[in-house]
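Colleague: Would you mind keeping the following structure in view while I ask a few things?
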Amino acid sequence: MRDIEVRSGALENLDVDLIAVPAPGVLTGPSAILDGWLGGVIDRCLEQGVYRGKADETSFFPSPPGHPHVLLVGVGTADDEPPTDSQMRGAAGVAVRFCREHRLSSLAFLLPEAAAGAESVQAAAEGLMLGDFSYDALRVQETRCHRPAPSQALIWSEEAAPGAEAAASSGQTIADAQNFARDLVSRPGNVVTPIRLAEEAEALGERGIAVQAWSAEKLREEGFGALLAVSKGSEEPPRFILLEHRGDGGSPIVLVGKGITFDSGGISLKPSKGMEEMKYDMAGAAAVLGAIRALADLGAPRRVIALIPTAENLPSGNAVKPGDVIRGVSGRSIEIVNTDAEGRLVLSDALSYATRLGPSAIVDVATLTGGCVVALGRHAAGLMSNDNELARGLEEASARSGERVWRLPLWPEYRKQLDSDIADIKNSGGREASPITAGTFLKEFVENVPWAHLDIAGTAWADEARAHQPKGATGAGVRLLVEWVRGAR
Ligand code: BES
Ligand code: MN
Ligand code: ZN
């Protein structure tokens, strides 16, 4: 999609294929004007309950003479309540997906008067970009473009809000970075290997981000025994990717993303059913790449470092085995009782390394446990932290970004589940409270630095399309991290 424009003034002058309006179950400002064009059809629909304004509900009215088509999009609010930013983002996404489905090439999204401020404009711009995403790089030419994206989108409100242009532009930058993350996560394991992921990171150098990628040899020198252990079973060599957005300097915020480009489980092999989905086990890496990309594009003042330990987890004659004891950057010994608990291993090296950078806070993002999907489903990321203020900051960013998080405890009692008979710690605490024992494992490696862990195993992948979210990779974490860093002191 080209740049999203912001417009105000007379509705008559909008030269687009479709006008979409988030609408409750009664006529309001803009929908009343559209109803005039349509000779009262909308009013009759409302009266008869044909359209009720439920979330994601749509009603289409073919173009009245001399005007664009009209689409009502439900948001699920009460009749007298303005839509929230989240609902606005969702409705804009629904409108764009409708355009794609029906090959309409331009649209205007109308903001209701009660929700036309800069935040609403940003949310609408995000929704327009996010609903537009599809991954079809691997399809053959003839089928690739069978549903072209709308080429023009504008956001209309009766009166121009102060800062609307800047808000639309930020929204576009952030959503663009989220779509970049979705694109990476969508790619199969044979397309995104650790080396290819490092190349994608290196390409961010063009945006003024400093990038390095350490190879296996450097990892051996630096003592990254945990990352190396996980990658041993694969022919694909591991990488440790380091990115820095310098901002105005000062102590950095460090973001860490799990980059397992495919997780078979290793010798503790996963069942084959659904294993193909484990290409999304690098979604944490994609989230931090997207976040640092957006922060650089926005010229954020905060100094940010992103660290990505990346490897492929496969079984082979050379793979790490259950019972093996290894030692990583921290120097602690780790008994690997389950090779499928690989994420926390690669993260432990990255977290230990992160503590040496003098960070003001560390936030890691990872598709870490199936137990988190069981607990929270696809609707919220698990949040764990050793610092209440940091956790609160993330909860506030969650509200602003519309990306839900839910805090889980890290009480000391859970540590017992990780006691090893032979080493300092073991890498799995079994089934009980598995998201929490995974968080407890990570906590061992952050020393006393304020740290938070986001388990995005559920939120990184959508089983079905909804609102601004097409089926598949979600780009979870990007908006949340960007909002958090922008608001962090
Ligand atoms: N990548 C998986 C977690 C996962 C599961 C992500 C489902 C997305 C959807 C992780 O590496 C894993 O296998 N975790 C194990 C840990 C267990 C062996 C302690 C799990 O959750 O089953
Ligand atoms: Mn695993
Ligand atoms: Zn994994």
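The values are calculated or read from the model by the stated rules, or taken from the named source; none is laboratory data. The structure presented is a predicted model; accordingly, all values stated were derived computationally and were not measured. Note: ideal-geometry Cβ built from the backbone for every residue, glycine included; neighbour counts use all protein chains shown. All accessible areas refer to the heavy atoms of the entire protein, side chains included, with ligands and DNA or RNA removed. Shrake-Rupley method; radii C 1.70, N 1.55, O 1.52, S 1.80 Å.
Colleague: Please give the Cα centre distance for region 422-489 versus region 366-381, rounded to the nearest Å.
Modeller: 8 Å
Colleague: Distance in nm between label sites at Glu5 and Arg356, each 7 Å beyond Cα in the beta-carbon direction?
Modeller: 5.4 nm
Colleague: Give me the accessible area per residue for region 5-157, probe 1.4 Å, as a whole number in Å².
Modeller: On the way: 6550 Å² over 153 residues.
On a per-residue basis, region 5-157 sits at 43 Å².
Colleague: Give the lysines reachable from Lys321 as a straight Cα distance under 23 Å; neighbours fewer than 8 places away on the same chain don't count.
Modeller: By straight Cα distance, Lys321 reaches Lys232, Lys258, Lys270, Lys273, Lys279, Lys416, Lys426.
Colleague: Which FRET efficiency, nearest 0.05, do Ala55 and Ala32 yield, Cβ-Cβ r, R0 22 Å? The partial results should precede the final answer.
Modeller: Numbers: r = 22 Å, r/R0 = 1.00.
For Ala55 and Ala32, the calculated efficiency is 0.50.
Colleague: Where both partners of a DSSP beta bridge lie in region 5-157, what percent of those bridges are antiparallel, to the nearest 5?
Modeller: Working: 4 of 21 bridges.
For region 5-157, the DSSP antiparallel bridge percentage is about 20.
Colleague: I've got another one for you. Whole number in Å², please: accessible area per residue of region 435-489, 1.4 Å probe, ligands, DNA and RNA not counted.
Modeller: Numbers: 1760 Å² over 55 residues.
Result: 32 Å² per residue.
Colleague: Please give the contour-minus-distance gain from Tyr135 to Glu159: 0.36 nm per residue of separation, less the Cα-Cα distance, rounded to one decimal in nm.
Modeller: 5.0 nm
Colleague: So how do His102, His69, His245 rank on accessible area, 1.4 Å probe, biggest first, that is with the largest at the start?
Modeller: His102, His69, His245
Colleague: Another question, then. Where the accessible area of the chain is counted over protein heavy atoms with a 1.4 Å probe, how much of it, in %, is carbon and sulfur? All intermediate terms of the calculation are to be shown ahead of the outcome.
Modeller: Numbers: 9220 of 19730 Å².
Summing carbon and sulfur atoms, their accessible area is 47 percent of the total for the chain.
Colleague: Further question: Pairs of alpha-carbon atoms within less than 8 angstrom and 6+ residues apart define the contacts here; what relative contact order does region 441-488 have, in percent? Walk me through the numbers before you get to the answer.
Modeller: Values: 26 pairs, mean separation 11.3, N = 48.
Taking the mean separation of contacting Cα pairs over the length of region 441-488, I get 23 percent.
Colleague: Sticking with this one: Run the quick spin-label model on Arg332 and Trp411: label points 7 Å from Cα toward the beta carbon, then report their separation in nm to one decimal.
Modeller: Calculated label separation equals 2.1 nm.
Colleague: Still on this structure, please answer the following. Summing -39500 (n - 2.57) over the DSSP H runs of n ≥ 4 in the chain and dividing by its residue number, what mean residue ellipticity at 222 nm do you reach, to the nearest 500 deg cm²/dmol? Please report the intermediate quantities before stating the final value.
Modeller: Details: 15 runs with 165 residues, N = 489.
Rounded to the nearest 500, the figure is -10000 deg cm²/dmol.
Colleague: Indicate the gyration tensor shape class of region 178-487 (rounded, prolate or oblate), computed on the Cα atoms with a ≥ b ≥ c the square roots of the eigenvalues: a/c under 1.5 is rounded; otherwise a/b larger than b/c is prolate and the rest oblate. The partial results should precede the final answer.
Modeller: Working: a/c = 1.24, a/b = 1.22, b/c = 1.01.
Cα axes put region 178-487 in the rounded bin.
Colleague: Any idea what angle helix 388-401 forms with the longest principal axis of the chain, computed on alpha-carbon atoms, 0 to 90 degrees, nearest 10?
Modeller: 30 degrees
Colleague: Further question: Modelling each spin label as a point 7 Å along the Cα-to-Cβ direction, I'd like the Gln48/Glu113 distance in nm, to one decimal.
Modeller: 2.9 nm
Colleague: Keeping all protein chains in place, calculate the accessible area per residue for region 309-382 (probe 1.4 angstrom), answer in Å².
Modeller: That works out to 32 Å² per residue.
Colleague: Looking at the chain, what % of its DSSP beta bridges pair antiparallel, to the nearest 5?
Modeller: Working: 26 of 66 bridges.
DSSP beta bridges in the chain are roughly 40 percent antiparallel.
Colleague: Turning to a different aspect of this structure: Relative contact order of the chain, please, whole-number percent, based on alpha carbon pairs below 8 angstrom and at least 6 residues apart.
Modeller: Numbers: 1162 pairs, mean separation 74.3, N = 489.
Here the relative contact order equals 15 percent.
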